[in-house]
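This report concerns only the one structure given below.
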Amino acid sequence: MHVPVQAIDREIWRDGAASEGTRLIPEETPLALTYNGGSYAVMMGTPQNLEDFAVGFSLDEGIIRSVDDIKSLEVVRLDDGIELRMWLASEDAARISERRRHIAGPTGCGICGIDSIAEAVRPAAVVPPGSSFTPQQIMTAIQAIAPLQSINMQTRAVHAAAFWSPSNGIVALREDVGRHNALDKLAGSLARSRTDASVGMVLLTSRVSVEMVQKTAAIGAPVLVAVSAPTALAVRTAEAAGITLIAIARSDGFEVFTHQSRVTAHRAQEIIDVVA
């Protein structure tokens, strides 16, 4: 069934006694991404916000340069999975045919199917200077995620990626059993709404691996905030990309690993959001 949450009966053993009950758990579904009739990737993910996932994956993978490159997008629900069927302009289709790879992506896999070390550690895009933020804004932003995680509140088993701006708070939040999928979904949501990512922060409920930094750079956000720690390669990649990487963020503080100048004790610069 292609719903994000399932109610499952189970036997419970607690304190030396057995009982029965029902638990809500997240669904995990094969998601096939196809372009101009050819299969490109199959990822496991949560069957929700799939248009956002298709667009965000395509942008973050460098398959398209803009959401406008997708001429049509159809979500086709099959018996054993879901196909995200996209048609691109002829020039984009030609580029895909040169680099097509078939990916069988387990949950949370960000670089499955990569066939060279150079591709796995490719340099991230360099982000624009963007905005600066106060410590209070950063802590306010990270605390705003939990109340909006509807699937996680039911299951305690999914990741979230969100975008926060000073003028609007949480602009978008996406959930998935895979942390990379959640960030791809967020990227697609921001692209489809023409949101200027330079005015806010990307927020993650997961650890920060290099792929999460690469995807944040593709989004164009100058600041990445996560509740867990980064890897050393993620720190080096964020430094090179000009991203302020903030991790181990809690209600009482956080740690800044790169480009500390965007975190200021003074009032953050006034921002005017312009949405095209």
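Could you look through segment 143-163, keep only residues that are open to solvent by less than 20 Å² (accessible area, probe 1.4 Å) and outside any loop (DSSP other than H, G, I, E, B), and pick out the one that is farthest from Asn181 (Cα to Cα)?
The residue in question is Thr155.
Would segment 56-63 turn up any residue that is aliphatic (A, V, I, L, M) and in contact with a strand residue (DSSP E or B) (Cβ under 6 Å, 6 or more places away or on another chain)?
no
So which pairs qualify, if the first residue must be in segment 58-76 and under 16 Å from Gln214 (Cβ atoms), the second must be basic (Lys, Arg) and assigned to a helix (DSSP H, G or I), the Cβ gap must be under 6 Å, and the two must be at least 6 apart or on different chains?
As it stands, the answer is Asp60/Lys215, since those pairs meet every condition given.
Looking at segment 235-251, can you tell me whether even one residue there is among the polar types (S, T, N, Q), open to solvent by less than 30 Å² (accessible area, probe 1.4 Å), closer than 20 Å to Val126 by Cβ and out of contact with any Ser or Thr (no Cβ under 7 Å at 6 or more places or on another chain)?
Yes.
How do the strands (runs of 3 or more DSSP E) wholly within segment 1-81 filter down when requiring 3 or more residues that are loosely packed, with under 14 Cβ neighbours inside 10 Å: which remain?
So the answer is 5-14, 17-26, 70-78.
Suppose we filter segment 209-237 for residues that are part of a helix (DSSP H, G or I), of a type in the set (A, V, I, L, M) and farther than 22 Å from Ile63 by Cα; how many remain?
Count: 4.
Within segment 164-189, can you find the residues that are free of Cβ contacts under 8 Å to residues at least 40 places away in the same chain, open to solvent by less than 30 Å² (accessible area, probe 1.4 Å) and either of a type in the set (S, T, N, Q) or touching a Phe, Trp or Tyr at 6+ places or on another chain (Cβ under 7 Å) (or both)?
Correct list: Ala172 only.
Which of the residues spanning segment 254-276 are under 18 Å from Val213 (Cα atoms) and at pLDDT below 95?
The answer is none; no residue qualifies.
Taking segment 228-253 as the region of interest, how many residues are at pLDDT 95 or above, farther than 20 Å from Ala197 by Cβ and in contact with a helix residue (DSSP H, G or I) (Cβ under 9 Å, 6 or more places away or on another chain)?
Looking only at that region, the number is 5.
Give just the number: which of (1) in contact with a helix residue (DSSP H, G or I) (Cβ under 8 Å, 6 or more places away or on another chain); (2) under 20 Å from Leu31 (Cα atoms) does Val177 not satisfy?
(1)
Looking at Ser206, Ser198, Ser189, can you tell me which residue is at negative phi, modelled with pLDDT of 95 or more and either of a type in the set (Phe, Trp, Tyr) or not in a helix (DSSP H, G or I) (or both)?
Criteria check complete, one pass: Ser206.
The values are calculated or read from the model by the stated rules, or taken from the named source; none is laboratory data. Please read these numbers as outputs of a predicted model, since none were measured by experiment. Using ideal geometry, Cβ is built from the backbone for each residue, glycine included, and neighbour counts are taken over all protein chains shown. Protein only, heavy atoms only, side chains kept; ligands, DNA and RNA dropped before computing areas. Shrake-Rupley method; radii C 1.70, N 1.55, O 1.52, S 1.80 Å.
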